[in-house]
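Engineer: Quick one: the structure is below, and I'll ask about it shortly.
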Amino acid sequence: MNIVFLGMPGSGKGTQAERLLERLRIAHLSTGDMLRARIASGDELGLKAKAIVEVGAFMPDDIMLDMISDRISQPDCEKGFLLDGFPRTQAQAEGLDALMTQKGRKIDSVIALMVDEDILVERIVGRFSCKACGAGYHEKFNRPKVDGVCDHCGGHEFVHRKDDTPETVHRRVDIFHKETAPIIPYYESRGLLHRVNGMNAIETVEKDIASILGA
Ligand code: ADP
Ligand code: ZN
C-alpha cells in the first residue's frame, strides 16, 4: 500500500506516521527528515538544502523528485511506503504520478489532516524529538512517560528543530496555502482523498486513519 499524508506543518503527519507504521509494515519516507540528514552530512546537496530548509522555503521540485525516485526503488519500499511531507506542490504531485506509472505502481490513498491554523504555533513550538531514534514528542500534548527518557529507545538526548519558530510557522503556513493546498482538489478529483479531523486527540486521529486504510 502506497500512502500520502497531506497537511500543514504541525497538523500531525509525523505523529500519525509513527503510529500507523506500527500497524502497517511499510517504509516511512519523510522528505523533511531526509533533507535534515543531508544537511547534517554536509554534502553538496546538504549545503544547498540548509539555506532553503532553515527559513521554511521549498527545495526545487526536480531535486525532490529525484530523491523520491531513488528512495522508492530501495528494497524496504517494495511492500509499500508512506510519503510524509511530499508532494508539496502541484508539479511534485504530477511528477510523482509520472514516476509511479513508470515504475508500474500507484498511490492508493491520500490522507489530508485538517486543522485550524490557530493551533499550529503551539504544536510546533512545543515539539521535540529523540536524538537517537527520532521519536516525536510534545511538551504539552505528548510527553515521554518518564521525563527526560525516550519511550522507544531509552535515549536521554532530545532535539528541537531549528525551523520550529513562530515566525517560520507563519511563513510555512502561507506557502502551504499557495503551493500545497491545490493538491487537495487534484487528489480529490481522482477519488483518492480522505479528509481526517486533525484537531481531535492523537489516539482518535490514529483510529480514524486506521479505519480508512483498513489497517
Ligand atoms: P507535522 O509532521 O505534520 O509537521 P507533527 O506530527 O510533528 O506535525 O505534530 C506537531 C506537534 O503537535 C507534535 O509535537 C505532536 O506531538 C503534536 N500533535 C500532533 N497531533 C496532535 C493532536 N491530534 N493533538 C495534540 N497534539 C498533537
Ligand atoms: Zn528514542
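Engineer: Go over the candidates 81, 158, 128 one by one and state the one that is at pLDDT 95 or above, more than 14 Å from ligand 1 (Cβ to nearest atom) and closer than 16 Å to residue 14 by Cβ.
Structural biologist: Numbers: 158 fails: more than 14 Å from ligand 1 (Cβ to nearest atom); 128 fails: more than 14 Å from ligand 1 (Cβ to nearest atom).
Selected residue: 81, the only one of 81, 158, 128 that is at pLDDT 95 or above, more than 14 Å from ligand 1 (Cβ to nearest atom) and closer than 16 Å to residue 14 by Cβ.
Engineer: Now, a different point. How about the stretch 1-33: which of its residues are in a helix (DSSP H, G or I), within 16 Å of ligand 2 (Cβ to nearest atom) and either touching a residue at least 24 places away in the same chain (Cβ under 8 Å) or in contact with a His (Cβ under 8 Å, 6 or more places away or on another chain) (or both)? Lay out the reasoning, then the answer.
Structural biologist: Taking the stretch 1-33 and keeping what is in a helix (DSSP H, G or I), we get 13-23, 31-33.
Going one step further and asking which of them are within 16 Å of ligand 2 (Cβ to nearest atom), we end up with 14-15, 17-19, 21-22, 33.
If the condition is that a residue be in a helix (DSSP H, G or I), within 16 Å of ligand 2 (Cβ to nearest atom) and either touching a residue at least 24 places away in the same chain (Cβ under 8 Å) or in contact with a His (Cβ under 8 Å, 6 or more places away or on another chain) (or both), then 14, 15, 17, 18, 19, 21, 33 are the ones that fit.
Engineer: Here's another thing I want to ask about it. Filter the stretch 152-167 for residues that are in contact with a helix residue (DSSP H, G or I) (Cβ under 6 Å, 6 or more places away or on another chain) and among the charged types (D, E, K, R) and give the result. Before the answer, list the steps.
Structural biologist: Step one: filter the stretch 152-167 for residues in contact with a helix residue (DSSP H, G or I) (Cβ under 6 Å, 6 or more places away or on another chain), giving 164, 166.
Of everything in the stretch 152-167, just one residue is in contact with a helix residue (DSSP H, G or I) (Cβ under 6 Å, 6 or more places away or on another chain) and among the charged types (D, E, K, R), namely 164.
Engineer: Every residue in the stretch 147-206 that is under 21 Å from residue 57 (Cβ atoms), without any contact (Cβ under 8 Å) to a residue 24 or more places away in the chain and either part of a strand (DSSP E or B) or of a type in the set (Asp, Glu) (or both), please.
Structural biologist: Listed by number, the residues that qualify are 167, 174.
Engineer: Still on this structure: For the stretch 109-142, give me each residue that is hydroxyl-bearing (Ser, Thr, Tyr) and either within 16 Å of ligand 2 (Cβ to nearest atom) or farther than 26 Å from residue 194 by Cβ (or both). Walk me through how you get there before you give the answer.
Structural biologist: Going through the stretch 109-142, the residues hydroxyl-bearing (Ser, Thr, Tyr) turn out to be 109, 129, 137.
The answer is 129, 137.
Engineer: Would you mind listing the helices (runs of 4 or more DSSP H) fully within the stretch 40-133 where at least 2 residues are in contact (Cβ under 8 Å) with a residue 24 or more places away in the chain and of a type in the set (S, T, N, Q)?
Structural biologist: Working: elements: 44-53, 61-72, 90-102, 120-125.
By residue number, 90-102.
The values are calculated or read from the model by the stated rules, or taken from the named source; none is laboratory data. In this text, all values refer to a predicted model and were calculated from it rather than measured experimentally. Quick reminder, even Gly has a Cβ in these numbers, built from the backbone with ideal geometry, and neighbours come from all protein chains shown.
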